[in-house]
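Presented below is the structure to which this report refers.
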């Protein structure tokens, strides 16, 4: 039996047996990623919608920087936050290093540009189609962004889903600021990275009945 097939069987066995260690990691992963998704969406969607309708000096530069931030490496985010949250850093008084809060902050910073950039593009396209009509009735910039955002609410829901997907698949930043502490800050991605780096694969298979 191949190691891939054994890994799949082991995964289903742990799920079926409701392994407490497995579910603690899964639930912690969902809690961190959902918290980061909510925070990033709460900030990124309004700002992205505003950028989609407003025009000001340097707007193109802001959009370029925002799009560039989409490729920001996660380990760079983790390193910067590590320096900020360390005991000698400016935010060391918070005591967040190697904690749940630090992992949420890292994922929020990482996915915020994604939420803003995708929202800006969605609202910008809607502004191109309906912006003149809203301007003709005297709608302000804020009102236009709200109306266009509501009109494109299903597209923005897709943005939120993409933000959550990016957050839950992240490993570099949360490992740097979370420390991958078993029972406290270990999540799915860091657990997978740790076990595979140690070569801890399901071989030989520990339950003889399936071999």
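Read-outs throughout are calculated quantities, based only on the coordinates presented, and are distinct from any laboratory measurement. Predicted model, so just to flag it, every value in this text is computed and none were measured. In this analysis, Cβ positions are derived from the backbone assuming ideal geometry, glycine residues included, and neighbour counts consider all displayed protein chains.
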Residue 31 in contact (Cβ under 8 Å) with a residue 12 or more places away in the chain and surrounded by 19 or more Cβ atoms within 10 Å (Cβ to Cβ): no
Of the criteria (1) closer than 27 Å to residue 177 by Cβ; (2) in contact with a helix residue (DSSP H, G or I) (Cβ under 8 Å, 6 or more places away or on another chain), which one residue 87 fails: (2)
Qualifying residue in the range 57-71 (condition: over 27 Å from residue 156 (Cα atoms) and without any contact (Cβ under 8 Å) to a residue 24 or more places away in the chain): no
Criterion (within 16 Å of the chain's Cα centre (by Cα), in a helix (DSSP H, G or I) and closer than 30 Å to residue 191 by Cα) met by exactly one of 25, 38, 8, 80: 38
